[in-house]
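Notes follow once the structure below has been shown.
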């Protein structure tokens, strides 16, 4: 099948769009590729984003990159962010494959699943026995440092270049909380991505929050009414 190639930003005007970015690590990585292509093409202008969890991370990095350097700056920021996430996962992820697992599978690497990963099985057992307040009392989250390296939250609060809405779930009320651009912080992003079996609830202004995916994955109404 022949494919017509359109050069980026070649046809003049652009059409404004809003994005709804859902959670899930794999979905987040896939969405990065989609966003990158949209930014490269130039025929669509992203003017608003509502996002949850991994989508919230994409949204925050996207907004910060747009603020620093327009579409090209956003592409560079997202690329650097996901490369940094991949490097962090080499050391902090319970899902990584350990060097000696090849020997446990009699030298066969095909068909590797988490069910046979000692690291994953051990982590899963811990999660069934203890809460994050017990096995992670210092509330360590490697994504905080990654986010703070790639997102200028102070600049976003001062003047976000797009309509930005991140969704989290209020633990006490069970209702969705939407953080807008002027409320951006690492805590807001981490609240949107806080899986309660892995991390302690994120406290913001005296309220506690879990992953936004429980109540809005993501919420669409901010894009309709803003």
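The values are calculated or read from the model by the stated rules, or taken from the named source; none is laboratory data. In this text, all values refer to a predicted model and were calculated from it rather than measured experimentally. As a convention, Cβ positions derive from the backbone with ideal geometry for all residues, glycine included, and neighbour counts pool all protein chains shown.
What are the residues in region 36-54 that are in contact with a helix residue (DSSP H, G or I) (Cβ under 6 Å, 6 or more places away or on another chain) and assigned to a helix (DSSP H, G or I), if any? Reasoning before the result, please.
Pass one, region 36-54, residues in contact with a helix residue (DSSP H, G or I) (Cβ under 6 Å, 6 or more places away or on another chain): 36, 39, 44, 48-54.
36, 39, 54 - these are the residues of region 36-54 that are in contact with a helix residue (DSSP H, G or I) (Cβ under 6 Å, 6 or more places away or on another chain) and assigned to a helix (DSSP H, G or I).
Looking only at region 98-153, residues that are in a loop (DSSP other than H, G, I, E, B), at pLDDT below 75 and surrounded by 15 or more Cβ atoms within 10 Å (Cβ to Cβ) come to 1 in all.
Go over the candidates 165, 182 one by one and state the one that is under 30 Å from residue 225 (Cα atoms), modelled with pLDDT of 95 or more, in contact with a strand residue (DSSP E or B) (Cβ under 8 Å, 6 or more places away or on another chain) and not in a loop (DSSP other than H, G, I, E, B).
Values: 182 fails: in contact with a strand residue (DSSP E or B) (Cβ under 8 Å, 6 or more places away or on another chain).
After applying the criteria, what remains is 165.
One residue is enough: does region 49-64 have a residue meeting the conditions surrounded by fewer than 23 Cβ atoms within 10 Å (Cβ to Cβ) and at pLDDT 95 or above?
Initially, region 49-64 is screened for residues surrounded by fewer than 23 Cβ atoms within 10 Å (Cβ to Cβ), giving none.
Taking every residue of region 49-64 in turn, none turns out to be surrounded by fewer than 23 Cβ atoms within 10 Å (Cβ to Cβ) and at pLDDT 95 or above.
Condition check ((1) surrounded by 20 or more Cβ atoms within 10 Å (Cβ to Cβ); (2) without any contact (Cβ under 8 Å) to a residue 40 or more places away in the chain; (3) at positive phi; (4) part of a loop (DSSP other than H, G, I, E, B)) across all residues:
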{"residue": "174", "(1), (2), (3), (4)": "no, no, yes, yes"}
{"residue": "190", "(1), (2), (3), (4)": "yes, no, no, no"}
{"residue": "196", "(1), (2), (3), (4)": "no, no, no, yes"}
{"residue": "203", "(1), (2), (3), (4)": "no, yes, no, no"}
{"residue": "209", "(1), (2), (3), (4)": "yes, no, no, no"}
{"residue": "218", "(1), (2), (3), (4)": "yes, no, no, yes"}
{"residue": "222", "(1), (2), (3), (4)": "yes, no, no, no"}
